[in-house]
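First comes the structure, then the notes that go with it.
The values are calculated or read from the model by the stated rules, or taken from the named source; none is laboratory data. Small disclaimer: the values here were computed from a predicted structure and weren't measured. Here the Cβ positions follow ideal geometry from the backbone for every residue, glycine too, while neighbour counts run over all protein chains shown.
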Amino acid sequence: MKRVGVLLAAALVLSCASAPRPRIMADVDAAAKGAQAEESRLLAPQAWAAAEAMKARAEAAHQGGDPASAQIASEHALAAYSRAFVLARLARAERALEKASRDLAQAKTALADIDEKHKRVAAEAADLELRIRVAEDALPLAPNGPAGPEREKARLDAARALASQARLLCVATRLLDPNKGGVGTELDKLTELDRTLAGTPKATPIDAAIAARSSCLRLLTEARRPAAQASPAAGLADALFSELSRVGSLHPFRDDRGVVVTLRGLFDAKGALTAEGKRVLESLGRAAKAHPTFPLLVVAHGRGGDDTRKKAVADALTSAGAGRIETASAGNAQPVVDPARQGSGPRNERFEIVFVAPAP
């Protein structure tokens, strides 16, 4: 019996010593030493530590002669290593995303800076261009001598148009800066000039009309300068022009005064605003409310610009939210077609709604 016991014990020892290592443990060893191992250890340390602990448990089970436990622990270890690899890849992707986000933010900041500089340069260029135009207008011209009847008539039409433009420029200046010095003096001069042009002068005061327009444009430029210097990159007139351009029926344009919308057919045969006229004026009034730095100048052209109609247009704009409004009549001084032509009335009779630009 003793010999049998010794033999059984020896057989048991030999069987334990010769138990083969589960194949999956080799896979676990390979995973722990693979290319992703170091990255996982750095980027997913907790998951890596869990995988290492499970690997050590599998080794202990194998050394203890428990192949079933070694097999199960190895499978868990392999799964833990796979999880660590996935977490490492996610961490690497998050780092890459974070870097890309920082780079994108820096690029957007740089682009915004470039865009702001571009707007500033564009505003300064526009201001400089306007100053040059004012300076050119102010250059002394050779006096215009007497001319033949046809040329004098053309000069008279041109002088009336220039004087009308000068008045509107000075009125626009007064809207922007009611206390601007020199505006009242220029308007008084224009009143005298209008009296002369209303008749049939022997020599048309074309030079005086040119000088008046130049002076009023200079005053308007001076009134805009503080706003342009305070916010050179604002681009307010461009924004308003783009907004009005999106309304297909308005067709705005820009001139020295600001952004202009020309309207025809606002009144019916009885002199009342049409439904369409009210709708258009309401939309312009809302635009003026949304851009409160732009005062409105309502200019009546042609024979239909009586005080009643101008007031009706101004009231409709005010009801829709417009703030500062002033009205003016240009008469036939700036016709679209020759007033002497048959049927010219409807073309020449129009209202201009001028959004006076606070800056160039």
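Before moving on, here are some points about what is shown:
- Check on Ser101, within 23 Å of Ile24 (Cα to Cα), outside the structural domain of Arg218 (by TED's automatic domain parsing) and either at pLDDT 70 or above or assigned to a helix (DSSP H, G or I) (or both): no
- Across segment 165-190, the qualifying residues are those that are closer than 22 Å to Val354 by Cα and loosely packed, with under 14 Cβ neighbours inside 10 Å, and the one among them that is nearest to the chain's Cα centre (by Cα) is Pro178.
- Taking (1) touching a helix residue (DSSP H, G or I) at 6+ places or on another chain (Cβ under 9 Å); (2) closer than 21 Å to Ala340 by Cα in turn, Asp157 satisfies each apart from (1).
- Apart from one condition, Pro226 fits all of (1) more than 14 Å from the chain's Cα centre (by Cα); (2) buried (at least 18 other Cβ atoms within 10 Å of the Cβ); the exception is (2).
- Test: residue in segment 283-292 that is assigned to a loop (DSSP other than H, G, I, E, B), within 18 Å of Leu176 (Cα to Cα) and not β-branched (Val, Ile, Thr): yes
- Condition check for Leu162: under 30 Å from Val354 (Cβ atoms) and modelled with pLDDT of 75 or more: yes
- Any hit, segment 300-309, residues being closer than 19 Å to Gly248 by Cα and surrounded by 17 or more Cβ atoms within 10 Å (Cβ to Cβ): no
- Residues that are in contact (Cβ under 8 Å) with a residue 12 or more places away in the chain and not basic (Lys, Arg) within segment 91-103 comprise just one, Ala91.
- Candidates Gly345, Gly331 - the one that is of a type outside the set (A, V, I, L, M, F, W, C), under 20 Å from Ala172 (Cα atoms) and surrounded by fewer than 19 Cβ atoms within 10 Å (Cβ to Cβ): Gly331
- Checked across segment 263-278, the condition of being part of a helix (DSSP H, G or I), surrounded by 15 or more Cβ atoms within 10 Å (Cβ to Cβ) and of a type in the set (A, V, I, L, M) holds for no residue.
- Per-region count, segment 338-354, residues of a type in the set (A, V, I, L, M) and more than 37 Å from the chain's Cα centre (by Cα): 1
- Here segment 240-250 is the region considered, the condition is being touching a residue at least 12 places away in the same chain (Cβ under 8 Å) and surrounded by 13 or more Cβ atoms within 10 Å (Cβ to Cβ), and the residue that is farthest from the chain's Cα centre (by Cα) is Leu250.
- Subset of segment 37-65 [crowded, with 16+ Cβ neighbours inside 10 Å and either closer than 12 Å to Arg83 by Cβ or of a type in the set (Val, Ile, Thr) (or both)]: Ser40, Ala44, Ala47, Trp48, Ala50, Ala51, Met54
- Pairs linking a residue in segment 251-263 that is small (Gly, Ala, Ser) to a residue that is part of a loop (DSSP other than H, G, I, E, B) and buried (at least 18 other Cβ atoms within 10 Å of the Cβ), with Cβ atoms under 7 Å and 6 or more positions apart or on different chains, are Gly258/Phe294; Gly258/Ala357.
- With respect to the conditions (1) buried (at least 16 other Cβ atoms within 10 Å of the Cβ); (2) farther than 18 Å from Arg167 by Cα, Phe355 falls short on a single one, namely (2).
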